[in-house]
Amino acid sequence: MHDDSDDAAPSRVYGGVAADERRSRRRGALFDAALELLAEGGAPAVTKRAVCVRARLNDRYFYEQFTDRDALLTALVEEHTALGIAAVVTATHNADPDLHSQVRAAADASLGFLLADPRRPALLLNAHSTEALQGARLTTQHAIARAMSAVGRELVAEPAAPLDADMIAYSVVSGVLELVAAWMRGEFDTTREHLTDLIAGQLLQSENRAVPPIIGAKSAT
């Protein structure tokens with residue numbers, strides 16, 4: 001296993017790479033290892049030893065970053081949730097300013113984020129037996145719901161009260177995540193475009209009951 005020392009000051013450079021950068025790389029390696037193991041064998045496969053072996057790092061570097069396996073898994077979910085929300089924010093910033101365009105861009109970016117890395121659904125969509133992953137998954141759903149609710153409050157002429165908007169968004173987002181998980185398992189034979197339109201329509205209806213659905217008579221292909 002790799003074993004370079006970072007006991008010196010953070011500014012010290014080894015091989016042209018500063019200590020802070022090496023710690024960041026090790027954190028990324030631990031995240032990648034945990035994500036691979038989770039996708040391959042579920043939560044039981046993600047042990048401290050297995051992660052360290054896969055990342056080719058000694059135990060000391062695991063404890064440099066995390067107190068235990070659950071802390072690693074929670075941080076991993078938080079990391080990918082933040083990346084997903086950032087992708088959605090970028091997409092909405094690049095979309096036309098009307099509500100339909102904003103919501104559809106958000107739905108398409110969300111699907112694109114999940115499809116970009118085949119390991120992500122195992123982390124963000126699958127049900128898990130571990131308390132850490134289940135708790136992190138709920139946190140993710142609330143974070144996505146709050147983000148969607150915020151978009152609606154900015155663009156809808158007469159938005160619902162903040163608490164009502166958040167609760168409605170949460171009910172829709174949690175259902176949408178289950179739908180996407182089922183679609184990725186092959187339970188619904190439809191295209192990504194059609195699924196994106198369907199999700200956008202559901203989100204639009206949750207923000208403004210007066211807004212007509214974004215999909216019409218389009219059929220799955």
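Quick notes
- Listed residues His93, Pro162, Thr74: farthest to the positive end of the dipole of the stretch 70-207 (Cβ charges): Thr74
- If the segment from Val53 to Ala182 were pulled out straight at 0.36 nm per residue, it would be longer than the present Cα-Cα gap by 43.2 nm.
- In order through the stretch 165-170: 3J(HN,Hα) via Karplus (6.51 cos²θ - 1.76 cosθ + 1.60), integer Hz, x for Gly, Pro: 4, 5, 5, 5, 4, 5
- Note on the stretch 99-154: along the principal axes its Cα atoms extend 38, 23, 10 Å, ordered by decreasing extent.
- Here the 3J(HN,Hα) profile of the stretch 107-113, calculated from phi with Karplus coefficients 6.51, -1.76 and 1.60 at θ = phi - 60°, is 5, 5, 5, 5, 5, x, 5 Hz, Gly and Pro shown as x.
- Taking every Cα-Cα distance in the stretch 13-66 and sorting them into 5 Å bins starting at zero, the pair-distance distribution P(r) comes out as 4, 22, 29, 21, 13, 6, 4, 1 percent.
- Shape index of the stretch 70-138: Rg/Rh, with Rg the Cα radius of gyration and Rh the Kirkwood radius from the inverse mean 1/r over Cα pairs, equals 1.06.
- Take the Cα of Glu64, go 7 Å toward its beta carbon, and the backbone nitrogen atoms of the stretch 33-50 under 16 Å from that spot belong to 33.
Where a number appears in this text, it was derived from the coordinates with a stated rule and is not lab data. A quick note: this is a predicted structure, and the numbers were derived from the prediction, not measured. For neighbour counting, all protein chains shown are included, and Cβ atoms are generated from backbone atoms with ideal geometry for every residue, glycine included.
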